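Structure first, commentary second.
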Amino acid sequence: MNVAVIGANGQLGTDVVYAFREQGDVVTSLTHADIELSSLESVSACLGKQKLDAVVNTAAMHHVEKCEQEPAAAYAINALGTRNLAIATRDLGAMLVHVSTDYVFDGEKGEPYVEDDAPLPLNVYGNSKLAGEHFARTLNPEHFVLRTSALYGKHPCRAKGGLNFVDLMLKLARERGKVRVVDSEFVTPTSTSQLAKQIVVLSRCDAYGLYHATAERKCSWYEFAKEIFQLTDTDIRLEVAIPGEFPAKVPRPSYSVLENRELKIRGLNVFSSWQEGLCDYLGVREPSNSQV
Ligand SMILES: NC(=O)c1ccc[n+]([C@@H]2O[C@H](COP(=O)([O-])OP(=O)(O)OC[C@H]3O[C@@H](n4cnc5c(N)ncnc54)[C@H](OP(=O)(O)O)[C@@H]3O)[C@@H](O)[C@H]2O)c1
């Protein structure tokens, strides 16, 4: 396949480029210096240069606080930028694979969300990504929209800067005797290498549509930290943060666990548990009693 990956130097984009190349596909890596999503002119000019079978969009404005402060920019990139891509890929006859987020939900369901649950975002980021989903789904019939959650990978997240949650916990453990983490927010930590493999699998078929695409099972951030320290034999006092200890500046869902129902129905789900993904990332073996 001829594939273009947008956000190619990002946390997920880097792994997506690698996953396609591993299959022998020809990949054009596009960074922000090559393409500006918020400009239809830039998108059309950049993508129009080559014959493409698929365009994978991992780029977004996804720093939640920044989106809240700069809603016009968030909508220009996440909503209209996706519209620009959907139009350009449709006109080129290319498939669009677009990455979205668990933050389209308000977290009130209290059990894993499936694809046809009604979204109700709590913040500008979630609203702008939901608008982007609608554009992708209505403008290019050959679309895959993948909602994912709590990404971590070997390459730094450019929007958030610094370390991912796993490396941050290990750094804090090295520097301090104790770490305090919230136990009231539930997610599914998903490794970018697993998500990249899922994207490659979908690109080989025509089961277009909206998919939840996260690792299996769920955990709180506290449980995630606990597993990180157990798997790495890290000697640290891990404590549950008291409610309000780390006040969120922007409302977020406290439960954004997704069920990959549509992937499973079609026999396309490649994800293993979040614990297995974490073991792969850390380069350790999974203990047999790991069942959160
Ligand atoms: N990280 C998470 O925990 C998480 C959770 C759920 C969903 N997601 C979604 O997953 C996707 C990938 O996230 P990630 O962690 O890989 O992000 P990342 O490391 O921040 O990468 C995002 C990429 O997008 C590029 N970009 C930003 N604005 C752009 C624009 N206007 N035009 C073109 N390129 C632009 C960035 O380039 P510059 O840095 O040079 O601007 C960067 O290369 C995003 O769609 C995000 O919404 C992420």
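The values are calculated or read from the model by the stated rules, or taken from the named source; none is laboratory data. Values in this document were obtained by computation on a predicted structure and should not be read as measured data. As a convention, Cβ positions derive from the backbone with ideal geometry for all residues, glycine included, and neighbour counts pool all protein chains shown.
Tabulated data
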{"read-out": "Residue count, region 109-138 (criterion: acidic (Asp, Glu) and within 18 Å of SER254 (Cβ to Cβ))", "value": "2"}
{"read-out": "Search result, residues across region 15-54 that are near the ligand (Cβ under 8 Å from one of its atoms) and either part of a strand (DSSP E or B) or crowded, with 20+ Cβ neighbours inside 10 Å (or both)", "value": "LEU30, ILE35, LEU37"}
{"read-out": "Residue in region 250-258 that is outside any loop (DSSP other than H, G, I, E, B) and either closer than 25 Å to GLU108 by Cβ or touching a Pro at 6+ places or on another chain (Cβ under 6 Å) (or both) present", "value": "yes"}
{"read-out": "Meets criteria (within 16 Å of the chain's Cα centre (by Cα), surrounded by fewer than 24 Cβ atoms within 10 Å (Cβ to Cβ), assigned to a loop (DSSP other than H, G, I, E, B) and more than 11 Å from the ligand (Cβ to nearest atom)) for GLU115", "value": "yes"}
{"read-out": "Close pairs from region 224-247: first touching a residue at least 40 places away in the same chain (Cβ under 8 Å), partner surrounded by fewer than 17 Cβ atoms within 10 Å (Cβ to Cβ) and small (Gly, Ala, Ser), Cβ under 8 Å, at least 6 apart", "value": "GLU227/SER290; ILE236/GLY177; ARG237/GLY177; PRO243/SER184"}
{"read-out": "Qualifying residue in region 86-109 (condition: within 28 Å of VAL27 (Cβ to Cβ), part of a strand (DSSP E or B) and hydroxyl-bearing (Ser, Thr, Tyr))", "value": "yes"}
{"read-out": "Residues (touching a helix residue (DSSP H, G or I) at 6+ places or on another chain (Cβ under 7 Å), in a helix (DSSP H, G or I) and among the small types (Gly, Ala, Ser)) located in region 183-221", "value": "SER193, ALA196"}
{"read-out": "Failed item in (1) closer than 25 Å to GLY277 by Cα; (2) in contact with a strand residue (DSSP E or B) (Cβ under 8 Å, 6 or more places away or on another chain), with ILE228 passing the rest", "value": "(2)"}
{"read-out": "Residue check, TYR125 more than 20 Å from VAL43 (Cβ to Cβ), more than 9 Å from the ligand (Cβ to nearest atom) and either in contact with a strand residue (DSSP E or B) (Cβ under 6 Å, 6 or more places away or on another chain) or touching a residue at least 12 places away in the same chain (Cβ under 8 Å) (or both)", "value": "no"}
{"read-out": "Which listed residue is over 22 Å from GLY110 (Cα atoms) and under 21 Å from the mean Cα position of the chain (by Cα), from SER203, SER220", "value": "SER203"}
{"read-out": "Residue match in region 231-241 (condition: closer than 29 Å to GLU22 by Cβ, at pLDDT 95 or above and among the acidic types (Asp, Glu))", "value": "no"}
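Every residue, every condition in (1) over 25 Å from GLN194 (Cα atoms); (2) under 18 Å from the mean Cα position of the chain (by Cα), yes or no:
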position: GLU245; (1), (2): yes, no
position: ALA248; (1), (2): yes, no
position: LEU258; (1), (2): no, yes
position: SER272; (1), (2): no, yes
position: ARG285; (1), (2): no, no
